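Q: Got a structure for you, written out below as structure tokens; questions coming shortly.
The values are calculated or read from the model by the stated rules, or taken from the named source; none is laboratory data. Just so it is clear, the model here is predicted, and its values are computed rather than measured. Cβ atoms come from the backbone with ideal geometry, glycine included; neighbour counts cover every protein chain shown. What goes into the accessible areas is simple: the full protein's heavy atoms, side chains included, and nothing from ligands, DNA or RNA. Shrake-Rupley method; radii C 1.70, N 1.55, O 1.52, S 1.80 Å.
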Amino acid sequence: MIGMLRGKVWEIQSERLVIDVQGTGYLLTVPYGLLAKAHPGQELVVYTHVVMREDDLSLYGFSSFEEKQLFLQMLSVSGIGPKAAISLLSTFGAIQIESAIASENLSLLTKVPGIGKKTAQRLILELKEKFRGHNSLQAEGVSYSEPSTNTQSEALQTLLALGFGLDEARQTLGQVLKVGGELTTEEQVKKALRLLAPRS
């Protein structure tokens, strides 16, 4: 199976990337964080997982092996499909998801579209022991090195909390980030609100 791809970004779609690997274009569904930082012509290394069903063959891509592993762990939970797992990774960073599960934070998990109370409870029940160590270390003040996409996740959460829809918030932050340069969470939110103001 395909475990990793290295190639150039050929096309960027709403939730997918086309990666050109020596003349073959691979269509990957990816989390928002990876989608937001990609630009045409950029060379990427993407960790992948193939989902095969009777009527579907889909390829999912991730910016790190750890992110891919979390995706697979979530798929092992009854009732969690690829779309729900990607939605979680698109809304929150991997560390935030693990922390929410370990601390049994239902209210945070159910903010994600498609994740209801019962689904969040199953995630917690089946995965919390795997992430207990992560949570205790955070409680003791041990910091994790979070990828640069953490600020994007925080900006997305802020816009969701302000009442904007997930797709609208993602698209607007994508426009903000395409301008280039490293932006703090606050700067991303402010720029996004300026773009969203005429629509609100």
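Q: Of the heavy-atom accessible surface of the range 1-132 (probe 1.4 angstrom), what whole percent is carbon and sulfur?
A: Details: 3320 of 6720 Å².
Answer for the range 1-132 is 49 percent, counting heavy atoms of protein chains only.
Q: May I pose another question? Would you work out the relative contact order for the range 1-119, in percent, from Cα pairs under 8 angstrom that are 6 or more residues apart? Walk me through the numbers on the way to the answer.
A: On the way: 178 pairs, mean separation 22.7, N = 119.
With pairs under 8 Å counted, the relative contact order is 19 percent.
Q: With a bin width of 10 angstrom, please list the P(r) values of the range 1-103 as percents of all Cα-Cα pairs, from the 0 bin to the one holding the largest distance.
A: 15, 50, 29, 6, 0
Q: Return a whole-number percent for the relative contact order of the chain, with Cα pairs under 8 Å and 6 or more residues apart as the contact set. Write down the numbers at each step before the final one.
A: On the way: 273 pairs, mean separation 30.6, N = 200.
RCO, the chain: 15 percent.
Q: With every protein chain present, what is the per residue accessible area of the chain (1.4 Å probe, Å²)?
A: Details: 10750 Å² over 200 residues.
With the other protein chains kept in place, the chain gives 54 Å² per residue.
Q: How much accessible area does Tyr26 have with a 1.4 Å probe, in Å² rounded to the nearest 10?
A: 60 Å²
Q: Treating only the Cβ atoms of Lys and Arg (+1) and Asp and Glu (-1) as charged, compute the dipole magnitude of the range 28-118 about its Cα centre; round to the nearest 20 debye. If you can, show how the numbers build up before the last one.
A: Values: 7 positive and 8 negative charges, 59 e Å.
I would put it at about 280 debye.
Q: Applying 1/(1 + (r/R0)^6) with R0 = 41 Å to the Cβ-Cβ distance of Ile2 and Ala197, what FRET efficiency is obtained, to the nearest 0.05? Write down the numbers at each step before the final one.
A: Numbers: r = 43 Å, r/R0 = 1.04.
About 0.45, to the nearest 0.05.
Q: Compute the convex hull volume of the Cα atoms of the range 10-50, divide it by the residue count, and report the result per residue in Å³ as a whole number.
A: Working: hull volume 3.0 nm³, N = 41.
Enclosed volume per residue, from the Cα hull, is 74 Å³.
Q: Rounded to two decimals, what ratio of Rg to Rh does the chain give with C-alpha atoms and a Kirkwood Rh? Could you put the intermediate results ahead of the total?
A: On the way: Rg = 16.9 Å, Rh = 17.6 Å.
Using Cα coordinates only, the ratio equals 0.96.
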